[in-house]
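Accompanying notes for the structure given below.
The values are calculated or read from the model by the stated rules, or taken from the named source; none is laboratory data. The structure presented is a predicted model; accordingly, all values stated were derived computationally and were not measured. Positions of Cβ are backbone-derived with ideal geometry, glycine not excepted, and every protein chain shown enters the neighbour counts.
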Amino acid sequence: MSSSYFTDLAQQYIDGEWRPGTGSWDIIDFNPYDGEKLASITIATVEEVDDAYRAAARAQKEWAATNAYARRAVFEKALRVIEEREEEIAEAIIAELGGTRLKAGFELHLAKEFLREAIHLALRPEGRIIPSPIDGKENRVYRVPVGVVGVVSPFNFPFLLSIKSVAPALALGNAVVLKPHQNTPIVGGTLVAKVLEEAGLPGGLLNVVVTDIAEIGDAFIEHPVPKVISFTGSDKVGRHVATVCASHFKRSVLELGGNSALVVLDDADLDYAVDAAVFSRYVHQGQVCMAANRVLVDRSVADEFTEKFVAKVRTLKAGDPRDPETVIGPVINSSQADAISSAVEQAIAEGATALVHGATTDNLVEPSVLTGIPADSALLQQELFGPVAYLIPFDGEEEAVRLVNDTPYGLSGAVHTGDIERGVNFAKQIDTGMFHVNDGTVHDEPIVPFGGEKNSGVGRLNGETMLDAFTTQKWISVQHGRSGFPF
C-alpha cells in the first residue's frame, strides 16, 4: 500500500544508503486535501548536500565507462517496476499533491513514456569525424557526459518532472543529485530513487536530498561538482538559479512559468474549443505551467462561447481527489489557495465580473470564470497557478496576436479555427516555444523539444535536445605523420 512509502521513504538517499538528515528541523509532508500528516523528514544540511555531490562524482566515472547497452537495461527494469507498482504510485500522487485519479493516471502515463525515451537515449550519443585543412590530421568529435547534474523538481507533476531530467541524465552517463520540492519530497524525490534502486542502478549515481533553502542557501547550485543544473519552477527562482549558475560557469536548463492563451477565432468549432479551453485551464486545478490562463475569443462568437464555457465549468466537481468523479482537487498549500482567492478579489475590485465565483475552503479552490478584466490590469501579465479563467474578447486576428504576446512569458498556447493553415500562420506570430492548432495548451511529448521563450525559460528538454542539455562535445585530433611548425 502506498502509505508505506510515506514511512519507508521519509529519509535522505545518499551514496546508495537510506539515512536520516541531520538538520535541526523537519519538513512535514501533509495531504493538501484533508491535512493528514503523511511524513516527517529531518532536512539535509549543507554537509549532506556535499556528501551527495561527492558520492555522485565518485560513482560517475565508472558509470560513464559502462557499456551503453548495460546502462539501458536499468531503465528497462525501472519501467517494469513502475508498471508493477502503478496503483500504489497513483495513490501516493493523490495523497501527497492532491492530484485527482485522472491526473495521477496522466502523470504515470507520461512518466512511463519518458522512461521509454531514456531507454533509447542511452544509445543516442554519436561521435563524428570532421575534415581538417591540415594533411594527415583526423578530427574526432566525441559526445561525452557533463559529469554530475543537479536537478530541482516542482510540486505539480513531481514524479514525471523528476524522471524527465533524472532518467535522461543518467542514461547519458551522468550522475545526479535530485532536490525535490518541499511539498512533494516522496513522490518527487525518494520514490524516484527507490524505483531506480530496485531497477539495479548502482549506489551513488542518484542521490536525493530533501531540504530547504532556509537551511542550505545556494549550496545546491553553487557546489563545485555539478556542471549542469536542471530547474523546473517559477521564473522568480529561475532567474536566481540562472544568475548563480552563470557566476560559477555552470550551464542551467530552466523550465519556468507561463501565461498561455487559448485563442478562439471566428470560424472555430465552438463546442470543441470549449472542451479544449476548459481542460487547458482546469486540469490539475490549473497548477500547470502550460495552462491557459487567458481565453481569448473573437467578439463575433464571444457570447455563444462564453455561455457554453460557463455551463461546462459549472459541471466540474470539486472535492476529494480520491473520488473518481472529482475534477478539481485541492491546490498544494494554503499560500497558493490564498494567492488565487486574492487574485479573484483583486480582479473584481478592478471592475471584472465573476461569471462563476468559486468558494475557497482550506486548500480546495472551486473554479472561477472572470470577464471584463481591465486591459491594464497587472493580473493579465502574471502566471496564475489555480482554477481561474480570464475570458477576453478581441476584434480580429491582429488584435488577438498583440494580446497573446502581451506578457513576459512565452511557453505554450493554442488557437482554434476551421482553417488549419490560418491557425499555423497565427501560431508563427506568437513568441512562444510551443503552440498548438485546434488542441489544448497542455502537451508534453518525449521526443518533441519542450521549453519556452522570454521569462518561460532557457534551453529545451526531450528527445535530441537532452543531448544538448546533459552532454558536452570534445574535440580530439590525431596527426598521422608529422606536422610542420613555423619555428
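Descriptive notes on the structure:
- Filtered residues of the range 315-367 (kept if in contact (Cβ under 8 Å) with a residue 24 or more places away in the chain, assigned to a helix (DSSP H, G or I) and touching a strand residue (DSSP E or B) at 6+ places or on another chain (Cβ under 9 Å)): Q336, A337, I340, S341, A343, V344, A347
- Top-ranked residue of the range 151-187 - restricted to ones that are under 14 Å from A111 (Cβ atoms) and touching an Asp or Glu at 6+ places or on another chain (Cβ under 7 Å), ranked as surrounded by the most Cβ atoms within 10 Å (Cβ to Cβ): V187
- Residues satisfying the stated conditions in the range 59-88, i.e. outside any helix (DSSP H, G or I) and among the charged types (D, E, K, R): R85
- Residue-level analysis places E87 among those that are touching a Ser or Thr at 6+ places or on another chain (Cβ under 9 Å), closer than 24 Å to L161 by Cβ and not assigned by TED's automatic domain parsing to the domain that holds P330.
- Of the residues making up the range 384-416, those that are part of a helix (DSSP H, G or I) and among the hydrophobic types (A, V, I, L, M, F, W, C) are A400, V401, L403, V404.
- Residue within the range 259-269 that is in the same structural domain as L380 (by TED's automatic domain parsing), in a helix (DSSP H, G or I) and either farther than 30 Å from P226 by Cα or in contact with a strand residue (DSSP E or B) (Cβ under 7 Å, 6 or more places away or on another chain) (or both) present: no
- Any chance S483 is outside any helix (DSSP H, G or I), in contact with a strand residue (DSSP E or B) (Cβ under 7 Å, 6 or more places away or on another chain) and either more than 18 Å from A291 (Cβ to Cβ) or outside the structural domain of Q381 (by TED's automatic domain parsing) (or both): no
- Scan of the range 293-316 for residues that are closer than 19 Å to P367 by Cα and surrounded by 14 or more Cβ atoms within 10 Å (Cβ to Cβ), ordered by number: N293, R294, V295, L296, F305, T306, K308, F309, V310, K312, V313, L316
- Subset of the range 351-380 (residues that are exposed (fewer than 15 other Cβ atoms within 10 Å of the Cβ) and closer than 21 Å to L403 by Cβ): G351, T353, P374, A375, D376, A378
- Pairs with Cβ under 8 Å, 6+ apart, first in the range 63-90 and among the hydroxyl-bearing types (S, T, Y), second crowded, with 17+ Cβ neighbours inside 10 Å and modelled with pLDDT of 95 or more: T66/G173; Y69/A122
- Residue in the range 453-471 that is more than 30 Å from A268 (Cβ to Cβ), outside any loop (DSSP other than H, G, I, E, B), of a type in the set (S, T, Y) and at pLDDT 95 or above present: yes
- Residues in the range 110-124 that are surrounded by fewer than 18 Cβ atoms within 10 Å (Cβ to Cβ) and of a type in the set (A, V, I, L, M, F, W, C): L123 alone.
- Checking each residue in the range 89-101 for being more than 14 Å from K112 (Cβ to Cβ) and in a helix (DSSP H, G or I) picks out E91, A92, I94, A95, E96, L97, R101.
Listed here are the residues, each with its yes/no results for (1) closer than 30 Å to R116 by Cα; (2) among the acidic types (D, E); (3) buried (at least 20 other Cβ atoms within 10 Å of the Cβ); (4) not assigned by TED's automatic domain parsing to the domain that holds A339.
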site	(1), (2), (3), (4)
E383	no, yes, yes, no
Y390	no, no, yes, no
F394	no, no, yes, no
D406	no, yes, no, no
F426	no, no, yes, no
V442	yes, no, yes, yes
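- For the residues L201, L196, L191, the requirement of being outside any helix (DSSP H, G or I), within 18 Å of E83 (Cα to Cα) and out of contact with any Gly (no Cβ under 7 Å at 6 or more places or on another chain) singles out L201.
- Residue match in the range 54-70 (condition: under 30 Å from S483 (Cβ atoms) and in contact with a strand residue (DSSP E or B) (Cβ under 8 Å, 6 or more places away or on another chain)): no
- Residues that are more than 30 Å from P387 (Cβ to Cβ), without any contact (Cβ under 8 Å) to a residue 12 or more places away in the chain and assigned by TED's automatic domain parsing to the domain that holds L170 do occur in the range 42-61, at least one of them.
- Members of the range 417-436 found to be assigned to a loop (DSSP other than H, G, I, E, B) and either farther than 16 Å from N259 by Cα or hydroxyl-bearing (S, T, Y) (or both), listed by number: T417, G418, D419, Q429, T432
- So P168, is it assigned by TED's automatic domain parsing to the domain that holds G99, within 19 Å of the chain's Cα centre (by Cα), within 19 Å of A118 (Cβ to Cβ) and without any contact (Cβ under 8 Å) to a residue 60 or more places away in the chain: no
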